[in-house]
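Undergrad: Here you go, one structure.
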């Protein structure tokens, strides 16, 4: 009589599906991290120019706010001041609370 091969069941069968699934998830996660790093590099360079006139104490907060706005809007106006019409999203972001002020430097 011929012997029939049984499909692996239980933990061994689960592992055969789990390994390729984990590999695919790892590849997807790695590609997303590279995209975020590229965007952060773009924002860091643009914000360094934008916050160039800020003093030592003001440069950190300026870079932080500019970075948040850049990540949200994917653009930063050129130059150190003004030029806000180049990036309407950046221009129109306001702080929360009763006093609505421009959020982005």
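Bear in mind that the values in this text are calculations on the coordinates, not laboratory data. Model, not experiment: these values are computed from the prediction. Using ideal geometry, Cβ is built from the backbone for each residue, glycine included, and neighbour counts are taken over all protein chains shown.
Undergrad: Listing 84, 101 from the residue with the fewest other Cβ atoms within 10 Å to the one with the most, what is the order?
TA: Fewest to most other Cβ atoms nearby, the residues stand as 101, 84.
Undergrad: Can you figure out the FRET efficiency of residue 86 with residue 64, using R₀ = 35 Å and their beta-carbon distance, to the nearest 0.05?
TA: The value I calculate is 0.95.
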